[in-house]
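Here the structure comes first, spelled out in structure tokens, and everything after it is commentary.
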Amino acid sequence: MNWIVMMKLTDHGAKSIVDATKVINEANKTLHEKGGKMKDFYLTLGDVDYIAICEATKADTILAFAAKLASTGLVRTTTLKAFTAEQVQQLVI
């Protein structure tokens, strides 16, 4: 299963932007320990500051990743379950 984790810097996170990559790397370790994988990571311009494209079979794996990020106080997260075109074709009758 694919997941999109969108991250927006908090005021504290914006002041500590140098630490952001360290925090993301630590959260990524948690993701790997739980059996997940970060497929891609992007710094973005606009309403969202970072986007991680992750793969995990269980929702609790992504929950652990997002909780690790949020617990730092540097980012707020929004998580989306993502479906490929192939998966949608299999679901649609």
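The values are calculated or read from the model by the stated rules, or taken from the named source; none is laboratory data. Predicted, not measured: the structure shown is a model, and the values here were computed from it. Neighbour counts are summed over all protein chains in view; Cβ atoms, including those assigned to glycine, are modelled from backbone coordinates with ideal geometry. Keep in mind that these areas ignore ligands, DNA and RNA; they rest on the heavy atoms of the full protein, side chains included. Shrake-Rupley method; radii C 1.70, N 1.55, O 1.52, S 1.80 Å.
Which aspartates and glutamates have a Cα less than 18 Å from the Cα of Lys8, not counting those fewer than 8 places away in the same chain? By straight Cα distance, Lys8 reaches Asp19, Glu26, Asp40, Asp47, Asp49.
Tally up the carbon and sulfur contribution to the accessible surface of the chain as a whole percent, 1.4 Å probe, everything protein left in place.
On the way: 3470 of 6110 Å².
Carbon plus sulfur share of accessible area: 57 percent.
Under the criterion of Cα pairs below 8 Å and six or more residues apart, the relative contact order for the chain equals 45 percent.
Its convex hull of Cα atoms gives region 44-93 a direction-averaged projected area, equal to a quarter of the hull surface, of 4.7 nm². For Ile51, the accessible area of its heavy atoms, probed at 1.4 Å with every protein chain present, is near 40 square angstrom. Here, P(r) means the percent of Cα pairs in each 10 Å bin from 0 to the largest distance; for region 1-73 it is 20, 56, 22, 1.
How about region 1-80: which trypsin sites (Lys or Arg not before Pro) there lie in a loop by DSSP and see at most 14 other Cβ atoms within 10 Å?
Numbers: sites: Lys8, Lys15, Lys22, Lys29, Lys34, Lys37, Lys39, Lys58, Lys68, Arg76; in loops: Lys34, Lys58.
Of the trypsin sites (Lys or Arg not before Pro), the ones in loops of region 1-80 whose Cβ has at most 14 other Cβ atoms within 10 Å are Lys58.
Listed by chain and number, the lysines whose alpha-carbon sits under 17 Å from that of Lys39, ignoring those within fewer than 8 places in the same chain, are Lys29, Lys58, Lys81. Simple spin-label estimate for Lys39 and Ile4 gives 1.2 nm between the two label positions (7 Å along the Cα-to-Cβ direction from each Cα).
Would you mind getting the accessible area per residue of the chain, heavy atoms of the protein chains only, 1.4 Å probe, in Å²? If you can, show how the numbers build up before the last one.
Working: 6110 Å² over 93 residues.
Value for the chain: 66 Å² per residue.
Summing Cβ point charges (Lys, Arg +1; Asp, Glu -1) relative to the Cα centre of the chain gives a dipole of roughly 180 debye.
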